[in-house]
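The values are calculated or read from the model by the stated rules, or taken from the named source; none is laboratory data. This structure is a prediction, so every number in the text was calculated from the model and none was measured. Quick reminder, even Gly has a Cβ in these numbers, built from the backbone with ideal geometry, and neighbours come from all protein chains shown. Quick note on the areas: whole protein, heavy atoms, side chains included, nothing else; ligands and nucleic acids left out. Shrake-Rupley method; radii C 1.70, N 1.55, O 1.52, S 1.80 Å.
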Amino acid sequence: MSSIGFIGLGNMGLPMVLNLIKAGHTVKAFDVNTSAMDAVLAKGGQAVFSALDAAEGSEIVITMLPNSSVVESVYLGEGGFISRGVKGKLFIDCSTIDPSTSRKVSAALEALEGAFLDAPVSGGIMGAQAGTLCFMVGGGEDVLSRAYPVFECMGKKIIHAGEPGAGQLAKICNNLMAGILMAGTAEALALGAKNGLSPKVLSEVMVGSSGGNFMVEKWNPWPNLMPGVPASNNYQGGFHVKLMLKDLGLAIDCAQDSNAAVPLGAAARNLFALHGSLVEGNEFLDISSIQKLYFANIDNYKG
Ligand code: NAD
């Protein structure tokens, strides 16, 4: 079992920490929101007063933070990890951030003989709670082998994507695709429904035809058509529009930096931005709520 420092106890970080504690690891946890640390204390973890305190004496340090600038400041900023000894420690950043920040952090730690992996996740809050996350990992294979036992307590799939930053790239590309697929699925269902076609029948057709995709099959955006998905729960839970906007923004920035074209990603980002800004609260609905943008009177839809 390892001694682990964990920073960032939000929707994702807290259930990840609880799974590490359940598996028998010793965890020192920190979040700027001190109330988030109560649950860690209640489950036998230790709450500390800073990110540096969490890293002190820990073999492995995991971060699960909101964005690139917070990650950069926690690692490289004044009073960040590099201001104290990092030699021999393994740092794992599970946040979704831009790949260039991951590469910068990795190089800075390696120069001081610390090891780093970027390991963003998919699977959402439910995956974090169930310990079934998918980790997309960037960094050396030797470094990844040290991290495996820890990943296995929090996830069921660990994919080595390549060099530092590759985990973030994989995550960004996947979510670019997810955003496009969700908007496309909602668009097709709305067109059919507006012309009198049953969304249920159309979904069946698409699942068995060339329009089939993960969204229509497993995350159907039409309300009350599929049990157990956010669309059957007033679009509560799932993956928030706000997070999709962040990830599509990262994809667009990455495209800009690499002179790549992402016209569909840009269109999807605009659609989610419009949807998110139209009605207060939309940003905190699941991404399948984009269906409402295509079918404004969907709440009265009688099929
Ligand atoms: P969140 O906002 O719920 O949690 C972030 C936590 O970080 C908060 O508790 C916040 O107080 C803490 N924090 C902020 N600055 C800090 C600092 N300087 N030091 C210590 N703690 C600090 O976000 P989340 O939903 O848990 O997501 C975390 C990361 O995982 C994000 O990068 C997100 O894009 C990614 N992600 C989220 C989901 C999801 O479904 N929520 C899915 C996949 C990936």
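Placing +1 on each Lys and Arg Cβ and -1 on each Asp and Glu Cβ, with no other charges, gives the chain a dipole about its Cα centre of roughly 680 debye. Along the axis of the charge dipole computed for segment 71-190 (Cβ charges of +1 for Lys and Arg, -1 for Asp and Glu, origin at the Cα centre), the listed residues 101, 127, 117 are led at the positive end by 127. Taking each of 89/171; 87/157; 157/246; 43/104; 28/218 in turn, the alpha-carbon distance tops 32 angstrom for 43/104; 28/218. The residues of segment 3-163 expose, per residue, 42 Å² of accessible area to a 1.4 Å probe.
With springs only between Cα atoms under 10 Å, which of 142, 53, 31 fluctuates most in a Gaussian network model of the chain? Ranking 142, 53, 31 by mean-square fluctuation puts 142 first.
Our note on the geometry: Cα centres of segment 10-68 and segment 236-284, 29 Å apart. Contact order, relative form, for segment 246-303: 22 percent (alpha carbon pairs under 8 Å, 6 or more residues apart, mean separation divided by residue count). Which residue fluctuates most in the GNM of the chain (Cα springs below 10 Å): 73, 289, 122? Sorting by GNM fluctuation, first place goes to 73.
Taken over segment 3-163, the percentage of Cα pairs per 10 Å bin, counting from 0 up to the bin with the maximum distance, is 12, 46, 37, 5.
Springs join every pair of Cα atoms under 10 Å in this Gaussian network model of the chain, and among 46, 291, 256 the largest mean-square fluctuation is at 256.
Take the convex hull of the alpha carbons in segment 125-193; its mean projected area over all directions comes to 5.6 nm². Both numbers refer to the Cα atoms of segment 1-81; Rg and Dmax are 11.5, 33 Å.
Computed on protein heavy atoms with a 1.4 Å probe, the accessible areas place 94, 134, 173 in the order 173, 134, 94, largest first.
Per-residue SASA remark: residue 74, around 30 Å² accessible (1.4 Å probe; ligands, DNA and RNA not included).
Convert 37 °C to kelvin, take the viscosity as 0.692 mPa s, use the Kirkwood radius over C-alpha pairs of segment 152-303 as Rh, and evaluate the Stokes-Einstein diffusion coefficient in µm²/s, rounded to a whole number. In µm²/s, the coefficient rounds to 201. For segment 3-163, carbon and sulfur atoms together expose 54% of the accessible surface, with a 1.4 angstrom probe and every protein chain in place. For the pair segment 171-189 / segment 72-135, the C-alpha centres are spaced 27 Å from each other. The magnitude of the dipole of segment 126-266, with charges of +1 and -1 set on the Cβ of Lys/Arg and Asp/Glu and taken from the Cα centre, is near 440 debye. Per the Kirkwood treatment, what hydrodynamic radius in Å, one decimal, follows for the chain from the mean inverse distance over all distinct Cα pairs? Computed over Cα pairs of the chain, the Kirkwood hydrodynamic radius comes out at 20.3 Å.
DSSP beta bridges fully contained in segment 3-163 are about 10 percent antiparallel.
Taking every DSSP beta bridge that has both ends in the chain, the antiparallel portion is near 15%. Two tests apply to each whole DSSP H helix in the chain, Cα reach of 24 Å or more along its axis and mean Kyte-Doolittle hydropathy of at least 0.0, and the ones passing both are 166-194, 241-258. Shown here for segment 220-303: trypsin sites (Lys or Arg not before Pro) in loop regions (DSSP other than H, G, I, E, B) with at most 11 other Cβ atoms within 10 Å, namely 302.
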